[in-house]
Structure formats: structure tokens, C-alpha cells
Amino acid sequence: MHDEIVKIKGGRKGLQLSFAEGASFDDIWKHIEQKLESGSGFFLRGTLVLVPRERFLKEELARLQKLFHEHGLICRTMGAEDAAAAEGKPAVPAAKKQKTASPAARKKEPQVQEMVVVNRTLRGGQEIRTASSVLVCGNVNPGAQIIAGGSIDIRGTCRGLVHAGASGDTDSFIIADHLMPTQIRIANLIARSPDHMEMTERAERASIKDGQIVIEPIER
């Protein structure tokens, strides 16, 4: 049941989270905390994370929001309709509409980094170019390229060109289940892969450390 405690659905503005029926708050908390602490790219920094409002007590929501905030994410609640859509269930009509926030209140909210979710393999000649972060549920084949203003997470094999932090963000990173790119860039730094690379059994993360691109194995 552990792998199914937290389910994620990518949207235009971030990630919608749903949770296994019967899962306790402590189980949910430990599962999310483990993913955040591992730095596995389960959540990309700056991403908007939506959780169902009716699923938790007020105090529990406050704890979750604080946890996400400590890791650089923005946690917001969603109503019954959005939560049902994330779980693939019929939507329950909302009893009341939420009041629109005033312009002053909106100005105080932290900036939300949108995420582009690609649910397919990128083939040679295809390109994703965006100012936000990118999540690819598929492979990035030779000749394909991703140029992102934020971080890049590839749930598959990367053999193309990937450029994270294209606008100069040195905190951006690149993660792939199998990281074998023809060229990798983060901000203004460039690294090329060796002519012969063996596929690793663990996912890898590329980031900038001490002024150079470093690739390290991680746990998904």
C-alpha cells in the first residue's frame, strides 16, 4: 500500500495530490516527508501543490503547508470537484463558492512556478521550450531537446539535449531514471556525456556544485 498512499496528477499549474482511502495522516506525512528529504524530484522546487481541503483537519493542513513551504513549494487546497477529478471520481457539487481574493491579498501571495507535464516520449526533432519546470512521463530520445527555465524531471531515459535553468537559475536541476544525454546544460554551464555510457540501475540527478555540473545517483 506504501506506493499508493500518495497519488499525483500533473496539471497546467502544478500537481494535484490524492490519497489512498483509509491512509492515516501520519502515513501520508511520512510518505511526503521521505520524498522531499530524499531530493528525488518527486516535487520540483517552486511548484504549486494542491491537496483536497476536505481530506484533512485544519491543523493537519497547516502542518502539510509548512512542510511543503520548508522545501520551497507552495501548497494550496482544492475543493471537492478538483479533488474528485484527481482521483477519477464523479464530482460532488460544491455547497458554496469561495470569495475572490482582494487585489491586495493576491499581491502578498508567493509567485507560483508553473509546470509543463508531457505524458509521452519525445522523439528526435521534437522540442519543449518553456520558462517553467518540465515533467516528462516518457523518454527523451536522441535529437529531442528540452529547454526549461526551471528544473527538468524525466520519468524515463534521457538521451537528448536537456537545458535546465535556461534563464540563469543555478538552483535548477535535472533528474532522469536513466541520465544519458548527448548534452546537458544548467544555467550557463555545459557538460557533455562520454562517448560510451552504461545504463545505470538508479535514477540520477544533475545539479551545480562548486561551479560545475555534478551527477549523483538518487532514490526515487
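How much length is gained on full extension from E4 to K66, taking 0.36 nm per residue of separation minus their Cα-Cα distance? Working shown, then result.
Values: separation 62, 0.36 × 62 = 22.32 nm, distance 2.29 nm.
Contour length minus the Cα-Cα distance gives 20.0 nm.
As a test of reading the structure, rank L50, L15 by solvent-accessible area (1.4 Å probe, protein chains only), most first.
Details: L50 40, L15 5 Å².
Largest accessible area first, the list is L50, L15.
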Mind listing P(r) for the stretch 115-217? All alpha-carbon pairs, 10 Å bins, whole percents. 18, 56, 25, 1
Mean Cβ-within-10 Å packing, highest first, puts peptides 153-163, 123-133, 20-30, 178-188 in the order 153-163, 178-188, 123-133, 20-30
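The values are calculated or read from the model by the stated rules, or taken from the named source; none is laboratory data. Predicted, not measured: the structure shown is a model, and the values here were computed from it. Cβ coordinates were reconstructed from backbone atoms using ideal geometry, including for glycine residues, and neighbour counts include every protein chain displayed. Keep in mind that these areas ignore ligands, DNA and RNA; they rest on the heavy atoms of the full protein, side chains included. Shrake-Rupley method; radii C 1.70, N 1.55, O 1.52, S 1.80 Å.
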